[in-house]
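Taking it in order: structure first as structure tokens, then the write-up.
The values are calculated or read from the model by the stated rules, or taken from the named source; none is laboratory data. Computed from a predicted model, the values in this text were never measured in an experiment. Reconstructed Cβ throughout: ideal geometry from the backbone, glycine too, with neighbour counts over all protein chains shown. Calculation scope for accessible area: heavy atoms of the full protein, side chains included, ligands and nucleic acids excluded. Shrake-Rupley method; radii C 1.70, N 1.55, O 1.52, S 1.80 Å.
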Amino acid sequence: MIKADGSRCGLTAAKSKKANGYCYQHMGEQKRRTWGAIKKLRSGYHASYVGPDDQRHYAPTVFMAKVDAEVWLAKERRLIDLDEWTSPLAREDAAREAETRARAAALTLREYADPWVQNRHNRNGQPLKARSQADYRRLLKAKIYPTFGDTELKDITKEDVLAWYRTLAKTPTEQASAYALMRTILTTAVEDERIPANPCRIKGAGKAPVKHRVEMVTSEQLAQLHEAMPERYRLTVLLGVWCTLRIGEILELRRGDVSITRSKAEDGTPIAIGVLHVRRSVQHIEGEAVIDTPKTAAGAREVHVPPALIPDLETHLVLFTQPGRMGLLFPSGTGNPLHHRTFGNWWNKARIAAGRPNLRFHDLRHTGATMAAQSGATLKELMDRLGHTTPKAALVYQHTAADRDQLIAERLSARMSETGR
């Protein structure tokens, strides 16, 4: 039935056990094997041969029948004769890699994006903060998965992305954020060789339009905001402006984060130096308080308190702060960090009372940074005080200060005209 070269013979097979399935005509040929070896084992037949690389290569499995080992050897010899041979192990590795690529290509966006969020690191190699992960999951669930969640990565086209992007047009900020997230995820998929190219190619689509223009808080409005807040939370307004702290940093301040020292100037005048050690921030994610380090390394900083604010800070420490080094400056009624939503309710009432219904708490930080720039703070000093890692954000306040300087120049020009110069 089987010739020495592995091909089948049409003659009747010999019934003798010694024939091993060969016909009488080819019995002699199978005994005179000149290439390859077949060894009988308890578990079956083991085939091997010396390849063109002068190394012995073994079949990847033990064959139950000798005829199967013969066929395998014949196929190997044919590959050598056709100059298409590579080692059996190399072919196994290539087959496994091809199978892996095939499975990877069949991944849906949801299957790829969920672990992507979980394992994503920032540019400094640090895992994403809980707040960022929560924001990404919210965008995926609300904006991306309804369209692409069950679509295989390889099947997402640039036409599909464009059509989806246009459906988000009613929410420009969410539109830009969702597109930027989609583009970043698929960029990683390209780097992982899951897809050949990124279908997100809409120029400028990841940039959110400037929706909120910051208008500085006036002294009168600041006083109204301060007065409208509950007494135990009034200090948050002052810390937001004069210490340029974020609300998450303020709500996580502890008694041990406040340092006040007293000394005397050379003329004997008593002076007080206050420092806030910003080391943590609190966010509320799905109803749970998540305390973490600041978003960047620069966010962990020491902020000096304006001397005029120290009496308010000391009064608050006495009246409203929990005891002990880890006592919260702004605890909730249950003793936990004050919930952002609870604080937001009070803040909403205060900004309406101040005639600024659209004022964000973060705008207080902008106001304080601008005043610091106008007071002569350098770019590096602003970056340190605000906790910025790059000059880009701090330059905004420098530009504002430059506008102020132009006003001063114009007033000086008017004085020059008065003096005839």
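Is region 167-175 home to any residue that is among the hydrophobic types (A, V, I, L, M, F, W, C), surrounded by 12 or more Cβ atoms within 10 Å (Cβ to Cβ) and under 30 Å from residue 368 (Cβ atoms)?
Within region 167-175, the first condition is being among the hydrophobic types (A, V, I, L, M, F, W, C), and the residues that meet it are 168-169.
Next cut, surrounded by 12 or more Cβ atoms within 10 Å (Cβ to Cβ) only: 168.
Of the ones still in play, those that are also under 30 Å from residue 368 (Cβ atoms) are none.
Scanning region 167-175 turns up no residue that is among the hydrophobic types (A, V, I, L, M, F, W, C), surrounded by 12 or more Cβ atoms within 10 Å (Cβ to Cβ) and under 30 Å from residue 368 (Cβ atoms).
Quick check, is residue 244 closer than 23 Å to residue 364 by Cα, among the polar types (S, T, N, Q) and either open to solvent by less than 20 Å² (accessible area, probe 1.4 Å) or in a strand (DSSP E or B) (or both)? Don't jump to the end; show me each part of the working.
Values: closer than 23 Å to residue 364 by Cα: yes; among the polar types (S, T, N, Q): yes; either open to solvent by less than 20 Å² (accessible area, probe 1.4 Å) or in a strand (DSSP E or B) (or both): yes.
Answer is yes for this residue.
Could you tell me which numbered condition residue 314 fails, if it satisfies all but one of (1) acidic (Asp, Glu); (2) at pLDDT 90 or above; (3) within 39 Å of the chain's Cα centre (by Cα)?
Here residue 314 clears every test but (3).
If residue 327 meets every condition in (1) surrounded by 11 or more Cβ atoms within 10 Å (Cβ to Cβ); (2) over 17 Å from residue 244 (Cα atoms); (3) within 35 Å of the chain's Cα centre (by Cα); (4) at pLDDT below 90 apart from one, which number is that one?
Unmet condition: (4).
Under 6 Å by Cβ, and 6 or more places apart or on different chains, what pairs join a residue from region 106-123 that is without any contact (Cβ under 8 Å) to a residue 60 or more places away in the chain with one that is among the charged types (D, E, K, R) and exposed (fewer than 12 other Cβ atoms within 10 Å of the Cβ)?
Cβ pairs passing all conditions: 108/150.
Output the residues belonging to region 189-221 that are within 21 Å of residue 114 (Cα to Cα), surrounded by 15 or more Cβ atoms within 10 Å (Cβ to Cβ) and touching a residue at least 60 places away in the same chain (Cβ under 8 Å).
Residues satisfying the conditions are 189, 194, 195.
Please give the number of the condition residue 66 fails out of (1) at pLDDT 90 or above; (2) surrounded by 13 or more Cβ atoms within 10 Å (Cβ to Cβ); (3) closer than 22 Å to residue 85 by Cα.
All conditions are met except number (3).
Only one of (1) out of contact with any Leu (no Cβ under 9 Å at 6 or more places or on another chain); (2) open to solvent by 60 Å² or more (accessible area, probe 1.4 Å); (3) of a type outside the set (Asp, Glu); (4) assigned to a loop (DSSP other than H, G, I, E, B) fails for residue 131. Which number is that?
Unmet condition: (4).
Go through region 84-103 residue by residue and tally those that are open to solvent by 100 Å² or more (accessible area, probe 1.4 Å), in a helix (DSSP H, G or I) and more than 30 Å from residue 155 (Cβ to Cβ).
Number of matching residues: 1.
Scan region 297-309 and report the pairs whose first residue is within 16 Å of residue 236 (Cα to Cα) and whose second residue is open to solvent by 40 Å² or more (accessible area, probe 1.4 Å) and not β-branched (Val, Ile, Thr), with Cβ atoms within less than 8 Å and a gap of 6+ or a chain change.
From region 297-309, the pairs are 303/385; 305/242; 306/242; 309/242.
Does residue 81 qualify as being exposed (fewer than 14 other Cβ atoms within 10 Å of the Cβ), at negative phi, of a type in the set (Asp, Glu) and out of contact with any helix residue (DSSP H, G or I) (no Cβ under 7 Å at 6 or more places or on another chain)? Before you say what the answer is, go through the steps one by one.
Details: exposed (fewer than 14 other Cβ atoms within 10 Å of the Cβ): yes; at negative phi: yes; of a type in the set (Asp, Glu): yes; out of contact with any helix residue (DSSP H, G or I) (no Cβ under 7 Å at 6 or more places or on another chain): yes.
It is true that residue 81 is exposed (fewer than 14 other Cβ atoms within 10 Å of the Cβ), at negative phi, of a type in the set (Asp, Glu) and out of contact with any helix residue (DSSP H, G or I) (no Cβ under 7 Å at 6 or more places or on another chain).
Take residue 299 and tell me if it is modelled with pLDDT under 95, open to solvent by less than 20 Å² (accessible area, probe 1.4 Å) and touching a helix residue (DSSP H, G or I) at 6+ places or on another chain (Cβ under 6 Å). Talk me through it step by step, then tell me what you get.
On the way: modelled with pLDDT under 95: yes; open to solvent by less than 20 Å² (accessible area, probe 1.4 Å): yes; touching a helix residue (DSSP H, G or I) at 6+ places or on another chain (Cβ under 6 Å): no.
Answer is no for this residue.
In the set 414, 350, 377, 394, which member is at pLDDT below 90, in contact with a helix residue (DSSP H, G or I) (Cβ under 6 Å, 6 or more places away or on another chain) and open to solvent by less than 60 Å² (accessible area, probe 1.4 Å)?
Values: 414 fails: in contact with a helix residue (DSSP H, G or I) (Cβ under 6 Å, 6 or more places away or on another chain); 350 fails: at pLDDT below 90; 377 fails: in contact with a helix residue (DSSP H, G or I) (Cβ under 6 Å, 6 or more places away or on another chain).
That would be 394, the only listed residue that is at pLDDT below 90, in contact with a helix residue (DSSP H, G or I) (Cβ under 6 Å, 6 or more places away or on another chain) and open to solvent by less than 60 Å² (accessible area, probe 1.4 Å).
Quick check on region 353-370: of everything there that is open to solvent by 20 Å² or more (accessible area, probe 1.4 Å), over 23 Å from residue 289 (Cα atoms) and touching a residue at least 24 places away in the same chain (Cβ under 8 Å), which residue is nearest to the chain's Cα centre (by Cα)?
Top of the filtered list is 366.
Restricting to region 257-274, name every residue that is open to solvent by 20 Å² or more (accessible area, probe 1.4 Å) and either within 23 Å of residue 365 (Cβ to Cβ) or of a type in the set (Phe, Trp, Tyr) (or both).
Of all residues in region 257-274, those open to solvent by 20 Å² or more (accessible area, probe 1.4 Å) come to 258-273.
Those that are open to solvent by 20 Å² or more (accessible area, probe 1.4 Å) and either within 23 Å of residue 365 (Cβ to Cβ) or of a type in the set (Phe, Trp, Tyr) (or both): 258, 259, 260, 273.
When you go through (1) among the acidic types (Asp, Glu); (2) open to solvent by 20 Å² or more (accessible area, probe 1.4 Å); (3) in contact (Cβ under 8 Å) with a residue 12 or more places away in the chain one by one for residue 252, which number turns out not to apply?
Condition not satisfied by residue 252: (2).
So residue 170 passes all but one of these: (1) within 22 Å of the chain's Cα centre (by Cα); (2) assigned to a loop (DSSP other than H, G, I, E, B). Which condition number does it fail?
(1)
So, in region 298-335, how many residues would count as being among the hydrophobic types (A, V, I, L, M, F, W, C) and out of contact with any Lys or Arg (no Cβ under 8 Å at 6 or more places or on another chain)?
As a first pass, look at region 298-335 and keep what is among the hydrophobic types (A, V, I, L, M, F, W, C): 298, 300, 303, 305, 308-310, 313, 317-320, 326, 328-330.
Pick out the ones that are also out of contact with any Lys or Arg (no Cβ under 8 Å at 6 or more places or on another chain) and you get 298, 305, 308-310, 313, 318.
Selection size over region 298-335: 7.
Here are some residues: 344, 335. Which one is outside any helix (DSSP H, G or I), among the small types (Gly, Ala, Ser) and either surrounded by fewer than 15 Cβ atoms within 10 Å (Cβ to Cβ) or modelled with pLDDT of 95 or more (or both)?
335
Among the numbered criteria (1) crowded, with 16+ Cβ neighbours inside 10 Å; (2) of a type in the set (S, T, N, Q); (3) modelled with pLDDT under 75, which single criterion is violated by residue 108?
Unmet for residue 108, out of (1) crowded, with 16+ Cβ neighbours inside 10 Å; (2) of a type in the set (S, T, N, Q); (3) modelled with pLDDT under 75: (3).
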